[in-house]
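Only the coordinates and a few stated rules stand behind these numbers; no lab work does. Being a predicted model, the structure only gives us computed values, none of them experimental. Ideal geometry is used to build each Cβ from the backbone, glycine not excepted, and the neighbour counts take in all protein chains shown.
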Amino acid sequence: MSALARHTVVLAGRGLTKARRNPGVFLDAIFLPVVFLLMFVYLFGGAVAGSTRDYLQYVFPGVLVMTAILAGLTSTGLSINLDIKKGVFDRFRSLPIPRSAPLLGTVLGDVVRYVVAVATLFALGLALGFRPSGGLASTLAAAGLAIVFGFALSWVNVLIGVVVKEETLVTSVAFLGIFPLAFGTDMVAPADTLPGWLQAWADVNPVSQAMDAASGLMLGGPVRDAVLATLGWSAGLLAVFVPLAVRAYRRRA
Amino acid sequence: MTDAIRTEGLVKRFGDTTALAGVDLGAAPGTVLGVLGPNGAGKTTAVRILATLVRPDAGRALVDGLDVTRDGDAVRRRIGLTGQYASVDEDLTGRENLVLFGRLLDLRRADARQRADDLLARFELTEAGGRRVSTYSGGMRRRLDLAASMVARPRVVFLDEPTTGLDPGKREDVWRMIRSMTADGGTVLLTTQYLEEADALADEISVLDHGRVIAHGTPTELKRIVGGQTLAVRPADPARVPDAAALLERVAGRSPDLAGGLLTVAVDGDGVLAEVVPALAAAGIAVTELALRLPSLDEVFFTLTGRTEVAA
């Protein structure tokens, strides 16, 4: 194993130990999707779909994608920002390890958050009556795709976390970003009910593609284009933001 | 012999501020170099350059003969760093921190654990090793910090103000442990704001002010420049002050100053104390305070620079 991979894994283990010590850090990853799912289904379900049961089928794939995005946007950038301010960052940088290993280790360790958040959402969805008709393999594929997309998008936040001084800015950007991204889609209501300008945004919003892909995989329907588009966007985000974040991190003094 | 630590004409600017304006430092292997100066003198910047955390704008910095900008990786294999603020992970236990650093230094898991246990014992943290660092006292944290910088068995250790903010009692513990760090031939660069600390630990001292070295020498040489030590005596009974003053004048050969019931007089050596104590007892003068004081950092700076203001 290369030095980078070896040290990244060791530092990811550090992240997992920290998370185990402070299970509170998972609260927002669990709490937000649960609140959104309950709110959508019981507040809007009757109005939009006529029944909460039908609406749950409709809204669940979108909430799945939003959950994965939230899990990434609310954590990694922030924990990296806090790490840099503490002395331990200096110690890592004075060790004979690749300079990017602490960054990659933190990001890798945070993957557990996506798993926890997505598993919680599925448990609640299934308990409320969500029934994926696409089969187990496709459903797992939808969960995996949502996590890949959320992970790719989280690198935007990682870059912000590395660059800015104020940690509050990291969370503000994350929460400002989530609204146009997650809600500028057909997640809560069919696209043809949206006003024209919002429809135009929803059409180009990559999150729409990810939600369509998750929906197609879990409930049946055409998926190929949406899955490819989501993977393409994920690859593009990673290709741009991983090098930028790593470079900024290595240069941060 | 190659110096373990050497800087030549080190310059570093941050925007309009010049942190280092051409600093030359040197430490022979196995010695402790004290870098003494007030806040903002450039001590931390010099340490950060030597530890490869910051690049200098001009000049050279060498560790074990290796250039810190060109051979950063090789330098990082040889050094240990303890920053001004605890550079350990507060959410982990003391032991987990040391094991983590051992693993990052490519020790095998069992070796990393063994090393962690050895260091916990050496820095008197065995009992606290299983507790989270966030529960540690200031002194325990500093000791863990020192232990963490020793995991790699470094040839050169940088300690940036290792006792700032500690109670005087705790300071002695940390000093004892710093002394043990050079026992196996390691070299230590220590920054401090306390002349007393530099005197207690350093073989040689460089005094830093506004990014320049304004004096260098052994503690004895520096103390000679500044005028040695001061004996302070406070008689318990204010009525006996004149008697005590006469006694001090006889022993020290200079007439003492009196301020608020405290008599102070400059003395030339430690031997004075051995004369004064029995003389006071023989004269029946009870004292509430009796101390041999080093010149304060303020006095050092006043003597060296002629300025009275010293930051912090």
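How crowded by other chains is B:29-40, given as the mean number of beta carbons from other chains within 10 Å of each beta carbon?
Numbers: counts 0, 0, 0, 0, 0, 0, 0, 0, 0, 0, 0, 0.
Rounded to a whole number, the mean comes out at 0.
If we sort B:103-111, A:87-95 on the protection proxy, mean other Cβ atoms within 10 Å, highest first, what's the order?
Most protected by this proxy first, the peptides run A:87-95, B:103-111.
Step through the residues of segment B:231-237 one at a time and calculate ³J(HN,Hα) from phi using the Karplus curve (6.51 cos²θ - 1.76 cosθ + 1.60, θ = phi - 60°), rounding each to whole Hz and writing x for Gly and Pro.
After applying 6.51 cos²θ - 1.76 cosθ + 1.60, I find 9, 10, 9, 10, x, 5, 9 Hz.
For Cα pairs less than 8 Å apart in space and 6+ apart in sequence, what is the mean separation divided by the residue count of chain A, i.e. the relative contact order in percent?
27 percent
Given a 10 angstrom Cα cut-off, can you work out which residue in A:ALA229, A:ALA210, A:ALA123 is the most mobile in a GNM of chain A?
Ranking A:ALA229, A:ALA210, A:ALA123 by mean-square fluctuation puts A:ALA123 first.
Mind telling me which of B:GLY211, B:GLY284, B:GLY72 comes out most flexible in a GNM of chain B, alpha-carbon contacts under 10 Å?
It is B:GLY284.
Residue by residue through segment B:159-165, which ³J(HN,Hα) values in whole Hz follow from phi under the Karplus form 6.51 cos²θ - 1.76 cosθ + 1.60 (θ = phi - 60°), with glycine and proline marked x?
10, 9, 6, x, 10, 4, x
Amide H neighbours of B:VAL287 under 5 Å, at least 5 residues apart or on other chains, H built in the peptide plane: list them.
Residues meeting the criterion, in which the H sits 1.01 Å from N, are B:ALA236.
Counting only residues 5 or more places away or on other chains, whose amide H sits under 5 Å from the amide H of B:VAL32 once H atoms are built in the peptide plane?
So B:VAL32 has HN proximity to B:VAL188, B:ASP203, B:GLU204.
If eta is 1.567 mPa s and T is 4 °C, what Stokes-Einstein diffusion coefficient results for the protein assembly as shown, Kirkwood Rh from Cα pairs, in µm²/s? Can you show the working numbers first?
Working: Rh = 27.6 Å.
Estimated diffusion coefficient is 47 µm²/s.
What is the angle, in °, between the Cα long axis of helix B:109-122 and the longest principal axis of the Cα atoms in chain B? Nearest 10 is fine, range 0 to 90.
In chain B, helix B:109-122 runs at an angle near 0 degrees to the longest axis.
Gap in Å between the Cα centre of segment A:181-230 and the Cα centre of segment A:82-120?
Taking the Cα centre of segment A:181-230 as reference, the centre of segment A:82-120 is 32 Å away.
What does DSSP give for chain B in terms of the percent of beta bridges that are antiparallel, rounded to the nearest 5? Kindly include the intermediate steps, with their values, before the conclusion.
Details: 35 of 53 bridges.
Here the share of antiparallel DSSP bridges comes out near 65 percent.
Convert each backbone phi in segment A:28-33 into a coupling constant with the Karplus relation 6.51 cos²θ - 1.76 cosθ + 1.60 (shift: θ = phi - 60°), then list the ³J(HN,Hα) values in order as whole Hz, x for Gly and Pro.
5, 5, 8, 5, 4, x
Just to be sure I follow: if Rg is taken over the C-alpha atoms of chain A and Rh is the Kirkwood radius over the same atoms, what is Rg/Rh?
Taking Rh as the inverse mean 1/r over Cα pairs, Rg/Rh reads 1.00.
So, counting K/R as plus one and D/E as minus one, what does the shell of residues with Cβ under 15 Å around A:ALA210 add up to? Mind showing how you got there, number by number?
Numbers: positive: A:ARG224; negative: A:ASP186, A:ASP203, A:ASP212, A:ASP225.
Once positives and negatives cancel, what remains is -3.
Would you grab the residues whose amide H sits under 5 Å from the one on B:ALA215? Only those 5+ places off in sequence or on another chain, please, with H modelled 1.01 Å from N.
Amide H to amide H, under 5 Å and 5 or more residues apart or across chains, B:ALA215 pairs with B:VAL207.
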